[in-house]
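Data first, discussion second: the structure below is written as structure tokens.
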Amino acid sequence: MGGEVPSPRRLTRALSSSDVPDEALHLVLAHVDAPRDREAASLVCRRWHRIDALTRKHVTVGFCYAARPARLLARFPTLESLAIKGKPRAAMYGLIPDDWGAYAAPWVAALAAPLDCLKALKLRRMAVSDDDVAVLVRARGHMLQELRLDKCSGFSTDALRLVARSCRSLRTLFLEECSITDKGGEWLHELATNNSVLVTLNFYMTELKVAPADLELLAKNCKSLLSLKMSECDLSDLVGFFKAANALEDFAGGAFYEVGELTKYEKVKFPPRVCFLGLTYMGTNEMPVIFPFSASLKKLDLQYTFLTTEDHCQLISKCPNLFVLEVRNVIGDRGLQVVGDTCKKLRRLRIERGDDEPGLEEEQGVSQLGLTAVAVGCRDLEYIAAYVSDITNGALESIGTFCQNLYDFRLVLLDRQKQVTDLPLDNGVRALLRSCTKLRRFAFYLRPGGLSDTGLEYIGQYSGNIQYMLLGNVGESDLGLIRFAIGCTNLRKLELRSCCFSERALSLAVLQMPSLRYIWVQGYKASATGLELLHMARPFWNIEFTPPSPESMLRMAVDREPCVDTQAQILAYRSLAGQRSDCPDWVTPLHPAA
């Protein structure tokens, strides 16, 4: 049948030939979705660049200051979906002040221009005002189908009420972990009254108060409602909602306000199709609420419960079909052994840090024993994020050996124990990275002595496909950082915390990473002015230096470390928009002309 398969170069030359009609290229590029592939295609020639622009349906702006809004939207006139990321991830841990920037206003103003196809907007960690929402609704409200404001701040329920009243085609409204000024629950009543097509509503981890009657009305009017994640509300008040929400598959946010009073919740019956579940303040006595349908659960979030290690063991043993499990480290090694024995289909495992309460150390520890049990038993894992009290090279090697489908691995080594069994973790991280070739995201936050220069070099040497990396307390010298950087040919985003590197070494490392688009550093050998950072200057490269602030030494961050600006920070990123104009006074832009 036997014709010769053309080489990629010959195929590219053939497709870029003027003999191939534009219509054919339109059809081909319409089936190319991966951002990196799209980026590569747009660089083939001017013709491909033009057709890519006309056929691109989704764009993610990895950092809101990396491009000019008007220029980007002019290049992609047929966009259907736009996602924009704002503040650095460190903002989630209290390390970035609220007035740092990432204002949505310039982007929203640009969206007021005629974009006939835009149906979805996603903003993450951005400052959004009521006026911004009003502008967006006036311009796009008639056709907006998806609005995601993820960890955003600055707006109120007045803006939500406007969205509910005007965006009647809205299928997704996502507000998780947003800081919203609550001016009343009328927004939900408006949404329930005006919308009949809503599929997903998420205001989880907010402080919004809503009336259960409005949720019931929403379920009755929106027969296609599949997912509701809400702020805290007593489960006993949601009986009517659950009866009406026959299509519901995903629910989170219901709370057991009266722990130990199971009789109060006997009437709670979840819809028959629920298979994704997250309940708040659930204790030992309330677990039987889940037992009737535990075998059908695909996702279980136990992060905000009062369950003991033994409770985790009992509940998880009844959930053999889980794909996603999110817990605190109170699950312990015994609980993870049950996960490994029971949850053979597990794809994602998240183990968050629990409260450091005296007397609970034995129950709150996750170590190499638990992670090894999970790795051996759950071989289809694609994502692991874990806070651990102890870890060994052997456990990391086991994860690499048995979990070769991992694309995202994140480990934080807590400093609760005085001694860790097996440091440095050089050989373990090498074995893991050599085996897990599908990894695209990697985080390794240790304690002093956790990784030597040799281990840091191994990370660079064996991370060829990794695009995002967070490292903390790694390496011993500037030379280790340089050797690490030489191997990171595809790394696009790097975050460093609590490291021993100098400004000059950080600058030289950036120049060794050709694909790097973004680097954020906190806790390094900082100078008073940051001028050594100018050595990393290159075309289209913005450098912002935040010196330490003595005034905030007594403030504490979410993770109980000194807050925000007690340590110098560096943010450097590639930008086609030039220097940003909204830098706060305490941020110093650096550029060679200064």
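The values are calculated or read from the model by the stated rules, or taken from the named source; none is laboratory data. Predicted model, so just to flag it, every value in this text is computed and none were measured. Note that we place each Cβ from the backbone using ideal geometry, even for glycine, and neighbour counts take in every protein chain shown. The accessibility values were calculated without ligands, DNA or RNA, using every heavy atom of the protein model including side chains. Shrake-Rupley method; radii C 1.70, N 1.55, O 1.52, S 1.80 Å.
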> Would region 245-253 turn up any residue that is part of a loop (DSSP other than H, G, I, E, B), out of contact with any helix residue (DSSP H, G or I) (no Cβ under 7 Å at 6 or more places or on another chain), at pLDDT below 95 and closer than 20 Å to Val210 by Cβ?
Replying inline: no
> If you take the residues in region 417-452 that are touching a helix residue (DSSP H, G or I) at 6+ places or on another chain (Cβ under 8 Å) and loosely packed, with under 15 Cβ neighbours inside 10 Å, which one is modelled with the lowest pLDDT?
Replying inline: Thr421
>> Which count do you get for residues in region 86-118 that are under 22 Å from the mean Cα position of the chain (by Cα), within 27 Å of Leu170 (Cβ to Cβ) and assigned to a loop (DSSP other than H, G, I, E, B)?
In response: 4
> If we scan region 388-409, do we find a residue that is of a type in the set (D, E, K, R), farther than 24 Å from Ser463 by Cα and in contact with a Phe, Trp or Tyr (Cβ under 8 Å, 6 or more places away or on another chain)?
Replying inline: no
> Quick one: Gly240 ticks every box in (1) more than 32 Å from the chain's Cα centre (by Cα); (2) not in a helix (DSSP H, G or I) bar one, so which box is it?
Replying inline: (2)
> under 26 Å from Met469 (Cα atoms) and either out of contact with any strand residue (DSSP E or B) (no Cβ under 7 Å at 6 or more places or on another chain) or at pLDDT below 80 (or both), is that true of Gly94?
Replying inline: yes
> Within region 400-413, how many residues turn out to be within 18 Å of Asn329 (Cα to Cα) and surrounded by 19 or more Cβ atoms within 10 Å (Cβ to Cβ)?
Replying inline: 4
>> Residue under question is Leu349, and the condition is that it be modelled with pLDDT of 95 or more, outside any helix (DSSP H, G or I) and under 21 Å from Lys229 (Cβ atoms); does it hold?
In response: yes
>> Every residue in region 90-102 that is surrounded by 18 or more Cβ atoms within 10 Å (Cβ to Cβ) and not small (Gly, Ala, Ser), please.
In response: Leu95, Ile96, Pro97, Trp100
> Only one of Gly530, Gly472, Gly455 is closer than 29 Å to Gln579 by Cα and in contact with a Pro (Cβ under 9 Å, 6 or more places away or on another chain); which?
Replying inline: Gly530
> Could you say whether any residue in region 107-122 is touching a Ser or Thr at 6+ places or on another chain (Cβ under 9 Å) and among the acidic types (Asp, Glu)?
Replying inline: yes
> Among (1) open to solvent by less than 10 Å² (accessible area, probe 1.4 Å); (2) modelled with pLDDT of 95 or more, where does Ala295 come up short?
Replying inline: (1)
> How many residues does region 331-346 contain that are open to solvent by 10 Å² or more (accessible area, probe 1.4 Å), in contact with a helix residue (DSSP H, G or I) (Cβ under 8 Å, 6 or more places away or on another chain) and part of a loop (DSSP other than H, G, I, E, B)?
Replying inline: 1
> Checking Thr305 against (1) over 20 Å from the mean Cα position of the chain (by Cα); (2) open to solvent by 10 Å² or more (accessible area, probe 1.4 Å), which test does it fail?
Replying inline: (2)
>> Please go through region 33-77 and give me each residue that is open to solvent by 70 Å² or more (accessible area, probe 1.4 Å) and β-branched (Val, Ile, Thr), ordered by number.
In response: Thr60
> Does Val327 count as in a loop (DSSP other than H, G, I, E, B), at pLDDT 95 or above, hydrophobic (A, V, I, L, M, F, W, C) and closer than 27 Å to Thr206 by Cβ?
Replying inline: no
> So, in region 539-567, of the ones that are surrounded by fewer than 14 Cβ atoms within 10 Å (Cβ to Cβ) and modelled with pLDDT of 90 or more, which residue ends up nearest to the chain's Cα centre (by Cα)?
Replying inline: Phe540
>> Exactly one of these conditions fails for Thr489: (1) of a type in the set (Val, Ile, Thr); (2) more than 18 Å from Ser452 (Cβ to Cβ); (3) open to solvent by 10 Å² or more (accessible area, probe 1.4 Å); (4) at pLDDT 95 or above. Give me its number.
In response: (4)
> Just one of the numbered conditions (1) touching a residue at least 24 places away in the same chain (Cβ under 8 Å); (2) touching a helix residue (DSSP H, G or I) at 6+ places or on another chain (Cβ under 7 Å); (3) of a type in the set (Gly, Ala, Ser) is not true of Gly86; which one?
Replying inline: (2)
> What pairs come up if the first residue lies in region 319-330 and is closer than 18 Å to Met287 by Cα and open to solvent by 10 Å² or more (accessible area, probe 1.4 Å), the second is hydroxyl-bearing (Ser, Thr, Tyr) and not in a loop (DSSP other than H, G, I, E, B), and their beta carbons are under 6 Å apart, counting only those six or more places apart or on different chains?
Replying inline: Pro320/Thr342
> Given the structure, is Gly475 in contact with a helix residue (DSSP H, G or I) (Cβ under 7 Å, 6 or more places away or on another chain) and on the phi > 0 side of the Ramachandran plot?
Replying inline: yes
> Counting just the residues of region 568-589 that are among the hydroxyl-bearing types (Ser, Thr, Tyr) and open to solvent by less than 10 Å² (accessible area, probe 1.4 Å), which one comes out farthest from Leu491 (Cα to Cα)?
Replying inline: Ser575
> Name the strands (runs of 3 or more DSSP E) wholly within region 430-504 that hold at least 3 residues that are farther than 19 Å from Lys525 by Cβ and not basic (Lys, Arg)?
Replying inline: 441-445, 468-472
> Which one of the conditions (1) open to solvent by less than 60 Å² (accessible area, probe 1.4 Å); (2) modelled with pLDDT under 95; (3) part of a loop (DSSP other than H, G, I, E, B) does Leu279 fail to meet, given that it meets all the rest?
Replying inline: (3)
>> Exactly one condition in (1) at pLDDT 95 or above; (2) in contact with a helix residue (DSSP H, G or I) (Cβ under 8 Å, 6 or more places away or on another chain); (3) open to solvent by less than 50 Å² (accessible area, probe 1.4 Å) is false for Val268; which is it?
In response: (1)
